[in-house]
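All remarks here apply to the structure that follows.
The values are calculated or read from the model by the stated rules, or taken from the named source; none is laboratory data. Values in this document were obtained by computation on a predicted structure and should not be read as measured data. So basically every Cβ, Gly included, is an ideal-geometry build from the backbone, and we count neighbours across all protein chains shown.
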Amino acid sequence: MTKLSVNINKIATLRNSRGGNSPDLVKMAKDAERFGADGITVHPRPDERHIRYADVRNLKPLLTTEFNIEGNCTEQKFIDLVLEVKPHQVTLVPDALGQLTSDHGWDTITHKEYLKDIIGIFKNAGIRVSIFVDPDERMVEGAAATELIV
């Protein structure tokens, strides 16, 4: 299991605000691996305000550690990207469209059937699934991995 996965979203935010390619997102991801990170995490959003969908595609063949893509699996564009890129792990986050940052986890009881279906789609593609949940043990029943928000 991955011990440290470095989320490079803020590096992409800085790059995007400057225009161009400074800092170089790929170089930063490779540096994180070289310095000992066990994985790289990205969270592409529909507005691409930090990680862009093209970044995800560019990173995949270059990374030597675990690749984790976080995002809202209710968006078909996100589902298609994950199935195309086939990261080691997908982390399902219940962000609303336009949400500034992730601030809550899935209610896995209310959304149980939907989550079972979408988890099955990713698992059938050979992708490990993690669920972003609030720190409530009722929400994590059956998950292989969780990301807790506090």
When VAL82 is evaluated against the numbered criteria (1) touching a residue at least 40 places away in the same chain (Cβ under 8 Å); (2) at negative phi; (3) out of contact with any strand residue (DSSP E or B) (no Cβ under 6 Å at 6 or more places or on another chain), which criterion, by number, is the only one it fails?
(3)
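I'm checking my understanding of the structure. Among residues of the range 11-53 that are in contact with a His (Cβ under 7 Å, 6 or more places away or on another chain) and of a type outside the set (Gly, Ala, Ser), which one is nearest to GLU66 (Cα to Cα)?
Residues of the range 11-53 in contact with a His (Cβ under 7 Å, 6 or more places away or on another chain): 12-13, 16, 51.
Cutting the leftovers down to of a type outside the set (Gly, Ala, Ser) gives us 13, 16, 51.
On the way: THR13: 22, ASN16: 24, ILE51: 17 Å.
Among residues in the range 11-53 that are in contact with a His (Cβ under 7 Å, 6 or more places away or on another chain) and of a type outside the set (Gly, Ala, Ser), the one nearest to GLU66 (Cα to Cα) is ILE51.
Residues are listed down the side, and each one gets a yes or a no for (1) touching a residue at least 24 places away in the same chain (Cβ under 8 Å); (2) surrounded by fewer than 18 Cβ atoms within 10 Å (Cβ to Cβ); (3) in a loop (DSSP other than H, G, I, E, B):
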| position | (1), (2), (3) |
| --- | --- |
| ALA32 | yes, no, no |
| THR41 | yes, no, no |
| PRO44 | yes, no, yes |
| ASP47 | yes, yes, yes |
| THR64 | yes, yes, yes |
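For every residue, the table says whether it meets (1) surrounded by 14 or more Cβ atoms within 10 Å (Cβ to Cβ); (2) modelled with pLDDT of 85 or more; (3) at negative phi.
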{"residue": "GLN76", "(1), (2), (3)": "no, yes, yes"}
{"residue": "ALA96", "(1), (2), (3)": "no, no, yes"}
{"residue": "MET139", "(1), (2), (3)": "yes, no, yes"}
{"residue": "GLY142", "(1), (2), (3)": "no, no, no"}
What residue, of ASN16, ASN58, ASN21, is part of a helix (DSSP H, G or I), modelled with pLDDT under 95 and more than 27 Å from ASP107 (Cβ to Cβ)?
ASN16
